[in-house]
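J.: Would you mind keeping the following structure in view while I ask a few things?
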Amino acid sequence: MPVTASIYCDGACRGNGKAGAIGGWAWAYWPGAAGGEPLAGGADRLRSPPAATNQRAELRAMLEALQWWGAHGDGGPVRIFSDSQYAINCASVWGPGWKRRGWMRSVGEPVQNLDLIQPLVDLWGFMRIPLVHVRGHQTGDGPEAWGNNWVDRMAVAASDGSTVQFDRRGQAGAGAALLSGSDVIELVGTTTRQHKKAAVQTDIRSWFS
């Protein structure tokens, strides 16, 4: 039987619900259960307006994961893991009903975050990838804890201004690439975090030591 791949996604937001809140989203791919370094991943700061929130960051993370698999997946079995029950429900439980009602909630109010929810519902409805809820901020080194903690750190880094984008499938030994704005820096085994005044080289594996 083919091995089921895993994609973990997560969002982060500093100052959630307040003016000037800054969010980030992230996803990471493993060809089987999460463990070690992912073979592909992405993370970026949440674009605004609208104002950044935890919910918008979680929605964007799941949408980005689905879009990447739709464009670059190998067609094999895969599951997407998220610690946001809200994002899972928007994509696969509440969302289809909202769509049938013209994107109105059952109480007659318009759906919030529709700019993210509408494409999420449409894409998930086409792909039907299993969405699995995991508990956030777990301890230990099991697959769910490892995958969720990895993307949590990526999302936090993205909210601080780092942009992570890499795909190492078929490139043995190649490292991740961390981008900042229009700059692309590709290294082997390490990533470079580019700041306005200086570039600081860091190994993302240190996030888990």
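J.: Using DSSP to call loops (not H, G, I, E or B), can you name the trypsin sites (Lys or Arg not before Pro) in the stretch 117-160 whose Cβ has at most 11 other Cβ atoms within 10 angstrom? Let's see the in-between values first.
T.: Working: sites: ARG128, ARG135, ARG153; in loops: ARG128, ARG135.
When the trypsin sites (Lys or Arg not before Pro) of the stretch 117-160 are filtered for loop state and at most 11 Cβ neighbours within 10 Å, ARG128, ARG135 remain.
J.: So, one more: Over what distance in Å are the Cα centres of the stretch 16-59 and the stretch 92-171 separated?
T.: Taking the Cα centre of the stretch 92-171 as reference, the centre of the stretch 16-59 is 9 Å away.
J.: Go ahead and collect, in residue order, the members of the stretch 41-80 whose backbone nitrogen is under 17 Å from a label point 7 Å along the Cα-Cβ direction of GLN138.
T.: Hits in the stretch 41-80 for GLN138 at 17 Å: 79-80.
J.: Within the stretch 1-36, which residues have the backbone N less than 18 Å from the label spot 7 Å out from ASN89 along Cα→beta-carbon, could you tell me?
T.: Counting backbone N atoms under 18 Å from the label point, the list is 11.
J.: Modelled label-to-label distance, ARG169 and MET127, 7 Å Cα→beta-carbon offset: nm?
T.: Simple spin-label model gives 1.1 nm for this pair.
J.: Using the Cα centre of the stretch 1-68 as the reference point, and only Cβ charges (+1 on K/R, -1 on D/E), how large is the resulting charge dipole? Debye, rounded to the nearest 20.
T.: Dipole magnitude for the stretch 1-68 comes out near 340 debye.
J.: Further, regarding this structure: Going by C-beta contacts inside 10 Å, put GLU37, GLU144 in order with the fewest on the left.
T.: GLU37, GLU144
J.: Exactly which trypsin sites (Lys or Arg not before Pro) in the stretch 76-125 are in a DSSP loop and have at most 15 other Cβ atoms within 10 Å?
T.: Numbers: sites: ARG79, LYS99, ARG100, ARG101, ARG105; in loops: ARG101, ARG105.
Here the sparse-neighbourhood loop sites are ARG101, ARG105.
J.: Given a cut-off of under 8 Å on Cα pairs at least six residues apart, what relative contact order in percent is computed for the stretch 5-173?
T.: Values: 339 pairs, mean separation 58.4, N = 169.
Relative contact order for the stretch 5-173 comes out at 35 percent.
J.: For the stretch 5-173, take the alpha-carbon Rg, divide it by the Kirkwood Rh, and send me Rg/Rh.
T.: 0.97
J.: Let me ask something additional. Using label points projected 7 Å from each Cα along Cα→Cβ, tell me how many nm separate THR4 and GLU37, to one decimal.
T.: 2.7 nm
J.: Give, rounded to the nearest 20 debye, the magnitude of the charge dipole that the stretch 5-173 has about its Cα centre when Lys and Arg contribute +1 at Cβ and Asp and Glu contribute -1 at Cβ.
T.: 480 debye
J.: What order do you get for SER106, SER92, SER159 when you list them from fewest to most C-beta neighbours inside 10 Å?
T.: With the fewest neighbours first, SER106, SER92, SER159 line up as SER106, SER92, SER159.
J.: Right, next: If each residue's Cβ is checked for other Cβ atoms within 10 Å, how do TRP103, TRP150 rank with the fewest at the top?
T.: Ranking TRP103, TRP150 by Cβ neighbours within 10 Å, fewest first, gives TRP103, TRP150.
J.: Answer with one residue from GLY20, CYS9, ALA43: the one whose Cα lies farthest towards the positive end of the charge dipole of the stretch 1-57, charges on Cβ with Lys, Arg +1 and Asp, Glu -1.
T.: GLY20
Taken together, the values in this text are just the output of simple stated rules run on the coordinates, not laboratory data. Since the model is a prediction, treat every value here as computed from it, not as a measurement. For neighbour counting, all protein chains shown are included, and Cβ atoms are generated from backbone atoms with ideal geometry for every residue, glycine included.
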